[in-house]
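Asks: Sharing a structure, written as structure tokens. Questions coming.
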């Protein structure tokens, strides 16, 4: 049995006819940028997220960058975020001209620790940028309180959390602006890049619309310095097909995660993702943690391998793909050494980076594939 970490061809097959009809509709109309498909998808996604407005852009990174710029955050400003995220989060802060500041994470959820975020605030801080990592919402209420008391914006990086909830509300529509990616691997993914920023503030929505298209109030007349970041009609049409399927796909993800949870309960040295009591997790990724102290017996004549690497190698041998999201805190990566942080800056995030492994989980896994993942994990632990 071969279980690749992700197989997008299964989703393509399941939606091919409807997607082809949507593409044909765009081709027949002959309107490819900022047309009726984008407008309709913006309305549909705003309603889904619980926000009043949605603005389609070219990528999740652009959604974050333009969200910061719409809030007048730029050179000289600081934005507090986490170090255990896709580098896109930090790239967006720097593309807006601001400086990323890292705060440590909650050990249970691996999301931004509100107390650590508050300790990181300086006179230059203008925004908190929590990441709803792996499809688990950040604990937003204390962060919103911190933001209110210090006069900060709160921008949600919901690029891995389409449909996740916090306190009964879908994430993205809770802070000042919520940002989503439609990269193909996301819970709601297109067939290329795409992104969305959602907000219930009409002034921010208008600012986002200006910034995504050269600052044009009307064509060829810029009222602010904008850029070119537009969700195209083909991607919007494809995403409109998939949006009504998202909740069902997320339910399937949760069901597979529950099967994993039940199968892996009690395995010594394996920590399961769990779900915070304050919100519904949609399992963009199923990320386990392996204790570095619980090593398997070494093979005679060979030095014992680090536990995670041994685990991944074993699963590869069983035909099961794995990945690590993410192996290095951003401030310890070569490109970001100039931020001046060294090992020990965020010890909880650094420890997690040595332990995490993502197992296959997507809504098109077959029962047989799920059983193969379970069998592979069990055999590593001697079951």
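The values are calculated or read from the model by the stated rules, or taken from the named source; none is laboratory data. Predicted, not measured: the structure shown is a model, and the values here were computed from it. Cβ coordinates were reconstructed from backbone atoms using ideal geometry, including for glycine residues, and neighbour counts include every protein chain displayed.
Asks: From the list 325, 314, 364, which residue is over 20 Å from the mean Cα position of the chain (by Cα) and at pLDDT 95 or above?
Replies: When all the criteria are applied, what remains is 314.
Asks: Continuing with the same structure: Would you check which residues across region 50-73 are more than 18 Å from the chain's Cα centre (by Cα) and outside any strand (DSSP E or B) and list them?
Replies: Residues satisfying the conditions are 50, 51, 52, 69, 70, 71, 72, 73.
Asks: Criterion first (assigned by TED's automatic domain parsing to the domain that holds residue 26 and touching a residue at least 12 places away in the same chain (Cβ under 8 Å)) does residue 224 satisfy it?
Replies: So residue 224 passes the test.
Asks: If you don't mind, there's one more thing I want to ask. Write out, first by first residue and then by second, each pair whose Cβ atoms fall under 9 Å of each other, whose residues are 6+ apart or on separate chains, and whose first residue, in region 138-151, is over 20 Å from residue 170 (Cα atoms) while the second is in a helix (DSSP H, G or I) and at pLDDT below 95.
Replies: Pairs that qualify, where the first residue is over 20 Å from residue 170 (Cα atoms) and the partner is in a helix (DSSP H, G or I) and at pLDDT below 95: there are none.
Asks: Could you list, in sequence order, the residues of region 255-274 that are part of a loop (DSSP other than H, G, I, E, B) and either at pLDDT below 95 or surrounded by fewer than 19 Cβ atoms within 10 Å (Cβ to Cβ) (or both)?
Replies: Listed by number, the residues that qualify are 265, 266, 267, 268, 269, 272, 274.
Asks: Give me a count of the residues in region 179-221 that are assigned to a strand (DSSP E or B) and either in contact with a strand residue (DSSP E or B) (Cβ under 8 Å, 6 or more places away or on another chain) or in contact (Cβ under 8 Å) with a residue 60 or more places away in the chain (or both).
Replies: Counting residues in region 179-221 that are assigned to a strand (DSSP E or B) and either in contact with a strand residue (DSSP E or B) (Cβ under 8 Å, 6 or more places away or on another chain) or in contact (Cβ under 8 Å) with a residue 60 or more places away in the chain (or both) gives 10.
Asks: Turning to a different aspect of this structure: In region 83-128, how many residues are part of a loop (DSSP other than H, G, I, E, B) and touching a helix residue (DSSP H, G or I) at 6+ places or on another chain (Cβ under 7 Å)?
Replies: Going through region 83-128 one residue at a time, the tally reaches 11.
Asks: Name the single residue that is nearest to residue 189 (Cα to Cα) among those in region 21-49 being touching a strand residue (DSSP E or B) at 6+ places or on another chain (Cβ under 6 Å) and in a helix (DSSP H, G or I).
Replies: Result: 45.
Asks: I would also like to ask the following. Quick one: is residue 18 in a helix (DSSP H, G or I) and either assigned by TED's automatic domain parsing to the domain that holds residue 239 or at pLDDT 95 or above (or both)?
Replies: When the stated conditions are applied, residue 18 passes them.
Asks: Going through 46, 58, 63, 54 one at a time, which residue ends up being touching a helix residue (DSSP H, G or I) at 6+ places or on another chain (Cβ under 7 Å), in contact (Cβ under 8 Å) with a residue 12 or more places away in the chain and assigned by TED's automatic domain parsing to the domain that holds residue 185?
Replies: Just a single option satisfies the conditions, and that option is 54.
Asks: Yes or no: region 158-166 includes at least one residue that is buried (at least 24 other Cβ atoms within 10 Å of the Cβ), assigned to a helix (DSSP H, G or I), at pLDDT 95 or above and in contact with a helix residue (DSSP H, G or I) (Cβ under 9 Å, 6 or more places away or on another chain).
Replies: No, region 158-166 has no match at all.
Asks: Identify all residues within region 231-241 that are under 19 Å from the mean Cα position of the chain (by Cα) and either in the same structural domain as residue 287 (by TED's automatic domain parsing) or outside any helix (DSSP H, G or I) (or both); write none if there are none.
Replies: 231
Asks: Does residue 357 qualify as being on the phi < 0 side of the Ramachandran plot and either in the same structural domain as residue 101 (by TED's automatic domain parsing) or assigned to a helix (DSSP H, G or I) (or both)?
Replies: When the stated conditions are applied, residue 357 does not pass them.
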